[in-house]
Amino acid sequence: MSAYKTYVTDVLIVGAGLAGERTAVEAAENGLDSIILSLVPPRRSHSTAAQGGMQASLGNCAMGEGDNPDIHFQDTVKGSDWGCEQDVARLFTETVPIAVRQMSHWGVPWNRVVAGKKTLPDGRELEEKKEKEGLITARDFGGTAFWRTCYTSDGTGHTLQYAMDSLVLKHGCTVHDRIEAISLIHDGEKCIGVVARSLRNGELIVYVAKSTVIATGGYGRLYGASTNAVINEGSGMFIAQDTGIVPLGNMEAVQFHPTGIVPVWILVTEGARGDGGYLLDKNHHRFMPDYEPKKKELASRDVVSRRMTQHIRAGYGVESEHGPHLWLDIRHLGKEHIYTNLREIANICKNFAGIDPANELIPVRPTQHYSMGGVRTNADGHAYGLKGLFAVGESACWDLHGFNRLGGNSLAETIVSGMVVGKKVSEYTLGASLEYSEQTIKDEVTKQENRIKDLISGKNGNENVYKIRGEMEQTLMNYVGIFRKGEDLQTAVDKLQELHQRAQKVGLQSSGEGANPELASALRIRGMVRLALCISYGALQRTESRGSHAREDYPKRDDENWLKRTLAYWPEGAELPQLDYEPVTITELPPGDRGYGEHAG
Amino acid sequence: MGNRTLTFKIFRYNPQKPEVKPYMQEYKLEEVSGMTIFVALNKIREELDPSLMFDFVCRAAICGSCAMVINGRPTLACKTLTKDLPAKISLLPLPVFKLVGDLAVDTGTWFRDMAIKTEAWVHTTKEFDPTALEERMDNKTAQEIYEPDRCVECGCCVAGCATANIRADFLGAAGINRVARFMLDPRDERSPEEYYEVVGAEEGAFGCMGLMACDDNCPMEIPLQTQLSFVRRKMLAQGLKLKTEKVAL
């Protein structure tokens, strides 16, 4: 084994998006040292791409009047199709107004209430009150009873991340960017840190810490068409699962966003519909009111995505060389509104589709967008199976979202989970001591060094990593999409099992020297295929429909058998995940009719 | 779309292997409809040369990772369509920033140093009160802060700046724009004297030679010239005030 650099700290955070950085700030405020590892400079994290906003029941704007955390709680639980942890949802909805105000204190230029009368695009009239002027305003989003989504134009994630990162700078938290955690170091009971690979020069580095926090975001890039950034490959999830003792929760719960731009799959924020945009079919007919007369375009995301797919299947899609799509129409919102409140969208349409949305229709189709599942933790963010391991944000499943996340609840979750879990991490770390055996670290480093050597030498085979990856992406796209059925899911599982075998026979075509990008992909591929198997196999076993998991062969929600969470373990040497189940925590709102049709919301 | 064959000439150098001198490598690709430099580079890596280094993250012109010099002009690669370029395309890494390898440069460290130097966070003596309502702000003020806050720190303005190419300590348009963002923010309690310390010298607002390539090159179309004038005007007033006080002494 060659010499390696070692860093020791109190709290090690893997991922510098909003959840990771908010955790670091909390640790710093508790007097703890931290190191944040990130694939990219923090301000490039995928959190910055979140456009629409952050839900908090401030109730400042006219259409938010009367809102409160109770109603936000109910919307979240219904939205989750009763799959979420209600104690977590309660804590979340109570904390999020404080989080929004704190972000304001830290510099986020939230859009504010402007007093006066306004006419909405659909003709409704409202009046913003003088006494609320200058307070944080909100826009409408899907699946919410009130206008609750706080925003800065359509660059909300950007302004939040920049403000959060400014706090990280102010506190002097250490950030190591272009560093990738490739495995967890643990002794079977406690997590000790990670082995990481530098994306600057390829060297292996050991990070030892009293507590380790996974904050690596989602796995969107397992799918061929995803709104996610290219770095969203689920790495934190598979290095946790790779321990064999930490399970992933509800991996079959995958969100498709109704409006990805065809064919580049870049997101158009839900704010476009929240602000009054319509979905049109090939005849320019506004079809959503036919299916969802009450919530129309603003039913929950899973509902809108299903209705769009159903409408395309019925022959109303617009044919194109990239397959059928529908239109998003925001022309009636007017130039001024589009170029200020939906400005990034206008830019994206111009840059990537050559379209001016003030005059033209935007081609859209539901696109993979969000991972409800992730590293299963308790309500403190402490991972199942290993002491000293925590997870926050999209990479975690403390389970705020169950089987469908509401728009505007993900940015909100990143910050609230950073606050809440950051506090628990701090409490744990202050009471923990740094005890570990040097041998445990050496063993893990040697294991990773051998993996790298074998990939470079082609000892196990010469499978091409990009080919395996492409086939995995297509398998999920073709067989594990918005509507699912048993035979398709079985096809996916079979194909992915073959890919899992092949992923262990990858050999590099290039030298693998230094910061070689092919080696980076090769180190991830096995873990990525395993996540794809967790999604497909979990979906195959779950013989009901709940939230985003829509089985055509089992169209009804089945609370008697399936009001439970999937836990997916990967024991060493296994060819399939080992599935276990646990009950869902229901504290306040018993399962009821969410409505898949007219009253969906 | 006509079936053009595109010829890419790409800068190659790995600082880990200094014995191999920098060179330009040629790759040929068939153009497809809607092709961007993001699509092209990934195709080259996956099909022709898996060792090629470059950076992309959001691929939607939101994150600022992929700036490079494309046919002589610094811009974001993800939003550059090949159909807007001739069939010969040259790609170089951004100058000024430290090279990671091939087309990848370390903008992250540069921007972090700049943010620390300018103390780019809200300076306030107020404590956050979790039980209180938020402080009010005029919506117009919020929008004015958002304008410079939209900077994605891609580095195009710095790479195309004559001063930044000569002086390593120059804050560049991005740095001055970042300072403008906090000057505009009523929550920031720094006085003109304090800002003068940060941007009142040659490495700040007065280092600019006024060529304004930054304004032309900004992919976010932030009015950098306006932000620079705003900061200069403020600093000039403060500078004159200091001078008058000195004379009075």
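The values are calculated or read from the model by the stated rules, or taken from the named source; none is laboratory data. Small disclaimer: the values here were computed from a predicted structure and weren't measured. Neighbour counts run over all protein chains shown; Cβ positions are idealised from the backbone, glycine included. What goes into the accessible areas is simple: the full protein's heavy atoms, side chains included, and nothing from ligands, DNA or RNA. Shrake-Rupley method; radii C 1.70, N 1.55, O 1.52, S 1.80 Å.
Couple of notes before you dig in:
- Shape call, segment A:183-252: gyration tensor on alpha carbons, a/c limit 1.5: oblate
- As a fraction of the 1.4 Å probe accessible area of segment B:5-104, surface on carbon and sulfur atoms comes out at 54 percent.
- Working note: 222 nm ellipticity from helices only, DSSP H runs with n ≥ 4, each -39,500 (n - 2.57), summed and divided by the residues of the protein assembly as shown, gives -10500 deg cm²/dmol to the nearest 500.
- Equivalent ellipsoid, segment A:264-363 (semi-axes from 5 times Cα gyration tensor eigenvalues, Å): 21, 16, 11
- About the centre of its Cα atoms, segment B:119-248 shows a dipole size close to 480 debye [charges on the beta carbon of Lys, Arg (+1) and Asp, Glu (-1) only; nearest 20 debye].
- Over segment A:177-333, the alpha carbon radius of gyration divided by the compact-protein estimate 2.2 N^0.38 Å works out to 1.41.
- Protein-protein interface of segment A:511-534, residues with accessible area decrease of at least 40 Å², isolated chain reference, 1.4 Å probe: A:Glu513, A:Pro517
- With Cα atoms, 0 to 90° folded angle of helix B:107-117 axis to chain B main axis: 10
- Counting only Cβ charges, +1 for Lys and Arg and -1 for Asp and Glu, the dipole size of segment B:5-104 around its Cα centre is about 240 debye.
- Crossing angle, helix A:486-503 versus chain A [Cα axis fit, 0-90 degrees, rounded to tens]: 40
- Taking the centroid of alpha carbons for each part, segment B:154-227 and segment A:62-138 are 36 Å apart.
- Candidate cross-link partners of A:Lys387 among the lysines, defined by an alpha-carbon separation under 17 Å and a same-chain spacing of 8 or more, comprise A:Lys190, A:Lys210, A:Lys423, A:Lys424.
- Taking a ≥ b ≥ c as the square roots of the Cα gyration tensor eigenvalues, segment B:119-248 comes out oblate, since a/c reaches at least 1.5 and a/b does not exceed b/c.
- Vicinal HN-Hα couplings computed from phi for segment B:186-200 (Karplus, 6.51 cos²θ - 1.76 cosθ + 1.60; Hz; Gly/Pro x): x, 6, 8, 9, 5, 8, x, 4, 5, 5, 4, 4, 7, 10, x
- Both chains summed, the buried accessible area for B and A stands near 5500 Å², from protein heavy atoms and a 1.4 Å probe.
- Rounded to the nearest Hz, the phi-derived 3J(HN,Hα) couplings of segment A:48-58 under the Karplus curve 6.51 cos²θ - 1.76 cosθ + 1.60 (θ = phi - 60°) are 5, 7, 5, 9, x, x, 9, 6, 7, 7, 6, where x marks glycine and proline.
- In segment A:84-101, the residues that give up 30 Å² or more of accessible area when the other protein chains are added, compared with the chain on its own (1.4 Å probe), are A:Ile98, A:Arg101.
- For segment B:57-124, fraction of C-alpha pairs farther apart than 13 Å, in %: 69
- Centroid-to-centroid separation of segment A:524-576 and segment A:379-402 [C-alpha atoms, Å]: 18
- Over chain A, accessible surface divided per residue gives 31 Å², non-protein components excluded, 1.4 Å probe.
- Lys/Arg +1, Asp/Glu -1 at C-beta; segment A:72-128 dipole; positive extreme among A:Val96, A:Pro121, A:Trp106: A:Trp106
- The magnitude of the dipole of the protein assembly as shown, with charges of +1 and -1 set on the Cβ of Lys/Arg and Asp/Glu and taken from the Cα centre, is near 1640 debye.
- Selection from A:Ser426, A:Pro363, A:Ala145 lying farthest towards where the dipole of the protein assembly as shown points positive, charges on Cβ: A:Pro363
- Expected-Rg normalisation [2.2 N^0.38 Å, Cα atoms] applied to the protein assembly as shown: 0.91
- Under 5 Å from the amide H of A:Gly202 lie the amide H atoms of A:Ala515, each residue being 5 or more positions distant or on a separate chain, with H modelled from the backbone and absent for Pro and chain starts.
- Cα-based convex hull, segment B:5-104, per residue volume (Å³, whole number): 99
- Carbon/sulfur fraction of accessible area - segment B:119-248, other protein chains in place, 1.4 Å, %: 54
- Proximity of backbone amide H atoms, modeled 1.01 Å from N, is registered between B:Ser65 and B:Val57, B:Cys58 at under 5 Å, excluding neighbours fewer than 5 places apart on the same chain.
- Chain B: Cα Rg divided by the 2.2 N^0.38 Å rule of thumb: 1.19
- Accessible surface, per residue, of segment B:5-104 when the full set of protein chains is kept, probe 1.4 Å, Å²: 40
- Total lysine pairs under 14 Å (Cα atoms) in segment A:429-556, excluding pairs fewer than 8 apart on one chain: 5
- Residue-by-residue Karplus 3J(HN,Hα) for segment A:265-281, coefficients 6.51, -1.76, 1.60, Hz, glycine and proline x: 6, 7, 6, 10, 3, 4, x, 4, 7, x, 7, x, x, 10, 9, 10, 9
- Pairs of Lys residues in segment B:5-104, spaced 8 or more positions apart or belonging to different chains, with C-alpha separations under 24 angstrom: 20 in total.
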